[in-house]
Amino acid sequence: MKALFRSVGIPILSILFALDIWMIFFYAPMEKELQASQKIFYFHVAAAMTAFLAFTVAFVCGIGWYVRKREVWDDVQVASVEVGLVFSAIVLATGPIWARTAWNTWWTWDPRLVTMTILFLCYVGYLVVRASLSGDARKNACAAMAILFGINIPITWLSIQWWRTIHPDIGGLPGTRLEPKMRIAFWFSVLLFILLFIPLVAIRSRMERAAKALRALHRERLFGGTE
Amino acid sequence: MAPLLLAEGVGKDFDERPVLDGVDLALESGRTVAVLGPNGSGKTTLAHILALLLRPTRGHVSFEGRAVPRDPSVVRRRIGFVSHQPGLYLDFSPLENLAFFGRLYRVADVASRSKELLERFGLWRFREEPVRIFSRGMTQRLILARALLHDPALLLFDEPFTGLDTPGERLLLETLDLERRAGKAIFLITHDVRIAHAAATEGIVLAASRVRRRFKTDEIGVDTLEAMYRDALQEAGCATA
Amino acid sequence: MRDLLTLVAKDLRLQAKTGELLASIFIYSLLVVLILSLASAPVHGNMREGIHVIASTLWVALAFAGVVGATRVIEIERRDDCLKSLRLAGVSPSILYLAKTTTNAILLAGIQFLTVPVTFVFDDATTFAIVPRLAFVLFLGIAGFSAVGTVMAAISTRAGGRESLLSILILPLLVPVLLGGIEATKTLLAEGAFLNPNSIFWLKLLVVYDIVFLAVASLVFEYLIEE
């Protein structure tokens, strides 16, 4: 699988990303007010959607672990959380860059900014706990966190939207009414990010499985075999 | 008649490594089974599986001929367990501790039962003092009293002699005998061959996660048992104790 | 149900015996209130701002007390392996979770009972007629903090961390409660009742949040206390 990804996956993804960048900069028309700064939005929102997808996958894996205690649920779970964190980091990094030009401020209490920051912090906590536990205790605790944080995704998202509808100081993100060409470029980006997400999670889960096997071998050597 | 507790082919993995493998064991009323084994042989893990606190990775455990249910809370109440940690509230006095656990175990007359046990273990004088000020041996006596509080059908004792002085040791040996005669099934973990021989009717030697030997104490003497234990450890590749 | 009462009675008795916990959390909350009031002293005199300060002070104090309280309430059972004794005595994990949450809530309510008057004095509140309604909002907040705090403390104490680890786990998770609580408290302080639909809406959010987390946490708690 690894060889296949190297020989086929990476070239294809590279070509698709080149195509994506072409679509963003040349195919999609320039936004009238925001000009070039709006281009960041294709990556920013796509990364955000992928991050949400990642945390949802982790949530499902948490339930999966409790229902059927198979290692794969734990492997995919940590993989999704880590990849989700990377995508959230992209969101949190690109957000302020765009906000600086669009709203003339690095940081604002925009609802979605807050949502993403909170999610990011939650799953950082997940990794901290994960690092300090081992064995079944770790798998049980991580599954619990994936579930509880997962429940919080929609609640946080909605509550912050409600919060702002009550204080309509700042409007929503511009660009909700997209021109057809913009829309095509946008959804292409989203799909491409998800396409990138899948192999990343697969690779990271395999790493986790390998790490577990390695640890088991190490213990075996340390404590002596049982035939 | 089916034994009170039956373990068949029981094994447990921690961190993908087996710490216990293929253990068959039957605990019957009026019998005391000793488990001899060095540190890290899986004795404590076995005790936790028999106390229904840990689910085995492999194998099968049944209580009174029936498989252990998914929620084993009710079955657990029939068991008295002594482990390495106190499992008591150190800010409470012996009486308060026993009263609390007595309520959880639904003991009918906690007050008189507590008095009986505290007197038997020589703690009545300290009944109102917080456990925090107790010595190791006194705490151990209280742990034993708590394990017997609800008159369980099965007693699982993991190194119960730890911290006891000579009178305390004699007291515990007497108690074990008394409880066995009263029809309890007893499971006794120890690394002391002399105690295993004195207290048990039969036993197993556990080393490197597996049962290496089985013995009946009325068939062999202490010295034979000692030699058997040493052989088993050598065979399993453990450093001799 | 009987077990629940036995467990809560035991916890309260244990607290009454040592007393150290309640006293230390109370002084801690008091300091939080003092520092926040001090930090916002210049804006006093302005009615709107004053309300803002009181509402946020109350909730921030609750958040800090909640983190410390939840850790201690779980630590009682972790120490000396009392948890194992409880499991042996046939206490079901859900009952244990609900008992710990109840103890936690009673402790927090006790703290708030002492903290709220102090906040009123420090921040010059004048409307005492709202106290019953305020108690109701705070109760919903306390329920949320206890529900989430107890389950997360089971994870953080297991991972060997204490208050600092717990706070990074629960504070992001409790953003909806903090938001809802502060908003509802603000309208309450400004209008003296829950008249407008906004505050009703926030109360509903708090109720739903409390119920969802209590239910899910009492299900996953079993896996967090297993060995």
Restricting to the stretch C:82-91, and then to whatever is at pLDDT 90 or above and of a type outside the set (A, V, I, L, M), can you tell me which residue is farthest from C:MET152 (Cα to Cα)?
C:SER85
If I ask for residues that are in a helix (DSSP H, G or I), surrounded by fewer than 23 Cβ atoms within 10 Å (Cβ to Cβ) and facing chain C (nearest Cβ under 7 Å), which ones from the stretch A:125-139 would you list?
A:VAL128, A:ALA137
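Quick check on this structure: which one of B:PHE157, B:PHE121 is within 29 Å of B:VAL74 (Cβ to Cβ), touching a residue at least 60 places away in the same chain (Cβ under 8 Å) and among the aromatic types (Phe, Trp, Tyr)? Walk me through how you get there before you give the answer.
Details: B:PHE121 fails: touching a residue at least 60 places away in the same chain (Cβ under 8 Å).
B:PHE157 is the lone residue from the list that is within 29 Å of B:VAL74 (Cβ to Cβ), touching a residue at least 60 places away in the same chain (Cβ under 8 Å) and among the aromatic types (Phe, Trp, Tyr).
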Answer yes or no as to whether C:SER167 is farther than 12 Å from A:PHE149 by Cα, facing another protein chain (nearest Cβ under 10 Å), polar (S, T, N, Q) and surrounded by 24 or more Cβ atoms within 10 Å (Cβ to Cβ).
no
Test: C:VAL212 is without any contact (Cβ under 8 Å) to a residue 40 or more places away in the chain, outside any loop (DSSP other than H, G, I, E, B) and more than 7 Å from every other protein chain (Cβ to nearest Cβ):
no
Taking helices (runs of 4 or more DSSP H) that fall entirely within the stretch A:1-118, which contain at least 2 residues that are acidic (Asp, Glu) and in contact (Cβ under 8 Å) with a residue 60 or more places away in the chain?
A:71-102
When residues of the stretch B:33-45 are limited to those that are buried (at least 22 other Cβ atoms within 10 Å of the Cβ) and in a loop (DSSP other than H, G, I, E, B), the one farthest from the other protein chains (Cβ to nearest Cβ)
B:GLY37
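Residues B:VAL82, B:VAL35: which one is β-branched (Val, Ile, Thr), in contact with a helix residue (DSSP H, G or I) (Cβ under 9 Å, 6 or more places away or on another chain) and closer than 18 Å to B:ALA208 by Cβ? Don't jump to the end; show me each part of the working.
Working: B:VAL82 fails: closer than 18 Å to B:ALA208 by Cβ.
One residue alone meets the criteria, B:VAL35.
Only one of these is modelled with pLDDT under 90 and either touching a Cys at 6+ places or on another chain (Cβ under 8 Å) or farther than 23 Å from C:THR119 by Cβ (or both): C:GLU183, C:GLU226. Name it.
Details: C:GLU183 fails: either touching a Cys at 6+ places or on another chain (Cβ under 8 Å) or farther than 23 Å from C:THR119 by Cβ (or both).
Step by step, each of C:GLU183, C:GLU226 is checked, and only C:GLU226 is modelled with pLDDT under 90 and either touching a Cys at 6+ places or on another chain (Cβ under 8 Å) or farther than 23 Å from C:THR119 by Cβ (or both).
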Per the list (1) of a type in the set (D, E, K, R); (2) within 10 Å of chain A (Cβ to nearest Cβ); (3) surrounded by 21 or more Cβ atoms within 10 Å (Cβ to Cβ), residue check on C:GLU226 breaks on (3)
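When you scan the stretch B:192-206, do you find a residue that is within 13 Å of another protein chain (Cβ to nearest Cβ), part of a loop (DSSP other than H, G, I, E, B) and surrounded by 14 or more Cβ atoms within 10 Å (Cβ to Cβ), even just one?
Residues of the stretch B:192-206 that are within 13 Å of another protein chain (Cβ to nearest Cβ), as a first pass: B:206.
Still in the running and part of a loop (DSSP other than H, G, I, E, B): none.
Checking the stretch B:192-206: not a single residue is within 13 Å of another protein chain (Cβ to nearest Cβ), part of a loop (DSSP other than H, G, I, E, B) and surrounded by 14 or more Cβ atoms within 10 Å (Cβ to Cβ).
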Residues within the stretch C:160-180 that are modelled with pLDDT under 85 and outside any helix (DSSP H, G or I), tallied
3
Cβ pairs under 8 Å, 6+ apart, first in the stretch A:198-213 and within 14 Å of chain B (Cβ to nearest Cβ) and assigned to a helix (DSSP H, G or I), second surrounded by fewer than 17 Cβ atoms within 10 Å (Cβ to Cβ) and among the hydroxyl-bearing types (Ser, Thr, Tyr)
none
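Would you confirm, using the coordinates I've provided, whether C:GLY161 is out of contact with any helix residue (DSSP H, G or I) (no Cβ under 6 Å at 6 or more places or on another chain) and within 14 Å of chain A (Cβ to nearest Cβ)? Reasoning before the result, please.
Working: out of contact with any helix residue (DSSP H, G or I) (no Cβ under 6 Å at 6 or more places or on another chain): yes; within 14 Å of chain A (Cβ to nearest Cβ): yes.
So C:GLY161 fits the description; yes.
From the list B:LEU233, B:LEU171, B:LEU188, B:LEU176, pick out the single residue that is modelled with pLDDT of 90 or more, in a helix (DSSP H, G or I) and in contact with a Ser or Thr (Cβ under 8 Å, 6 or more places away or on another chain).
On the way: B:LEU233 fails: modelled with pLDDT of 90 or more; B:LEU171 fails: in contact with a Ser or Thr (Cβ under 8 Å, 6 or more places away or on another chain); B:LEU188 fails: in a helix (DSSP H, G or I).
Checking each option against the conditions leaves just B:LEU176.
Do we find a residue being over 27 Å from B:GLU64 (Cβ atoms), surrounded by 19 or more Cβ atoms within 10 Å (Cβ to Cβ) and either modelled with pLDDT under 95 or not small (Gly, Ala, Ser) (or both) anywhere in the stretch B:143-157?
Within the stretch B:143-157, the first condition is being over 27 Å from B:GLU64 (Cβ atoms), and the residues that meet it are none.
Scanning the stretch B:143-157 turns up no residue that is over 27 Å from B:GLU64 (Cβ atoms), surrounded by 19 or more Cβ atoms within 10 Å (Cβ to Cβ) and either modelled with pLDDT under 95 or not small (Gly, Ala, Ser) (or both).
Which one is nearest to B:ASN97 (Cα to Cα), of the residues in the stretch C:1-40 that are hydroxyl-bearing (Ser, Thr, Tyr) and within 14 Å of chain B (Cβ to nearest Cβ)? Before you say what the answer is, go through the steps one by one.
In the first step, residues of the stretch C:1-40 are kept if they are hydroxyl-bearing (Ser, Thr, Tyr); the result is C:6, C:18, C:24, C:28-29, C:37, C:40.
When the remaining residues are screened for being within 14 Å of chain B (Cβ to nearest Cβ), the result is C:6, C:18.
Numbers: C:THR6: 12, C:THR18: 15 Å.
Checking each candidate, the answer is C:THR6.
Out of B:ARG120, B:ARG70, B:ARG125, B:ARG132, I need the residue that is within 14 Å of chain C (Cβ to nearest Cβ), basic (Lys, Arg) and farther than 30 Å from B:GLY22 by Cα. Which one?
Working: B:ARG120 fails: within 14 Å of chain C (Cβ to nearest Cβ); B:ARG70 fails: farther than 30 Å from B:GLY22 by Cα; B:ARG125 fails: within 14 Å of chain C (Cβ to nearest Cβ).
B:ARG132 is the lone residue from the list that is within 14 Å of chain C (Cβ to nearest Cβ), basic (Lys, Arg) and farther than 30 Å from B:GLY22 by Cα.
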Might you let me know whether the stretch B:100-114 holds any residue that is closer than 30 Å to B:ARG194 by Cα, modelled with pLDDT of 90 or more and among the hydrophobic types (A, V, I, L, M, F, W, C)?
no
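Does A:VAL81 qualify as being in contact with a Gly (Cβ under 9 Å, 6 or more places away or on another chain), surrounded by 17 or more Cβ atoms within 10 Å (Cβ to Cβ) and farther than 26 Å from C:LEU205 by Cβ?
Numbers: in contact with a Gly (Cβ under 9 Å, 6 or more places away or on another chain): no; surrounded by 17 or more Cβ atoms within 10 Å (Cβ to Cβ): yes; farther than 26 Å from C:LEU205 by Cβ: yes.
Taking the combined requirement at face value, the residue does not satisfy it.
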So C:PHE194 ticks every box in (1) more than 9 Å from every other protein chain (Cβ to nearest Cβ); (2) in a helix (DSSP H, G or I); (3) surrounded by 17 or more Cβ atoms within 10 Å (Cβ to Cβ) but one. Which box is left unticked?
(2)
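Here is a yes/no grid of residues against (1) under 30 Å from B:LEU52 (Cα atoms); (2) among the hydrophobic types (A, V, I, L, M, F, W, C); (3) modelled with pLDDT under 90:
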| position | (1), (2), (3) |
| --- | --- |
| C:PHE26 | no, yes, yes |
| C:LEU34 | no, yes, yes |
| C:SER37 | no, no, yes |
| C:ALA41 | no, yes, yes |
| C:MET47 | no, yes, yes |
| C:GLY50 | no, no, yes |
| C:LEU98 | yes, yes, no |
| C:THR101 | yes, no, no |
Test C:VAL91 against the criterion of being farther than 23 Å from C:LEU165 by Cβ, touching a residue at least 24 places away in the same chain (Cβ under 8 Å), buried (at least 20 other Cβ atoms within 10 Å of the Cβ) and more than 14 Å from chain B (Cβ to nearest Cβ), and give yes or no.
no
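C:ALA105 - would you say it is facing another protein chain (nearest Cβ under 9 Å) and under 30 Å from B:VAL107 (Cβ atoms)?
Values: facing another protein chain (nearest Cβ under 9 Å): no; under 30 Å from B:VAL107 (Cβ atoms): yes.
No: the conditions fail for C:ALA105.
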Which numbered condition B:THR162 misses (of (1) within 26 Å of C:ASP81 (Cα to Cα); (2) touching a strand residue (DSSP E or B) at 6+ places or on another chain (Cβ under 6 Å); (3) modelled with pLDDT under 90)
(2)
Filtering the stretch B:1-32 down to residues that are in a loop (DSSP other than H, G, I, E, B) and more than 30 Å from A:LEU222 (Cβ to Cβ) yields B:MET1, B:ALA2, B:PRO3, B:LEU4, B:GLU28, B:SER29, B:GLY30, B:ARG31
Which of the helices (runs of 4 or more DSSP H) found entirely inside the stretch B:46-126 contain at least 2 residues meeting this: buried (at least 21 other Cβ atoms within 10 Å of the Cβ), of a type in the set (Phe, Trp, Tyr) and out of contact with any strand residue (DSSP E or B) (no Cβ under 7 Å at 6 or more places or on another chain)?
B:94-104
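The values are calculated or read from the model by the stated rules, or taken from the named source; none is laboratory data. Computed from a predicted structure; not experimentally measured. Every residue, glycine among them, receives a Cβ derived from its backbone with ideal geometry; neighbour counts consider all protein chains shown.
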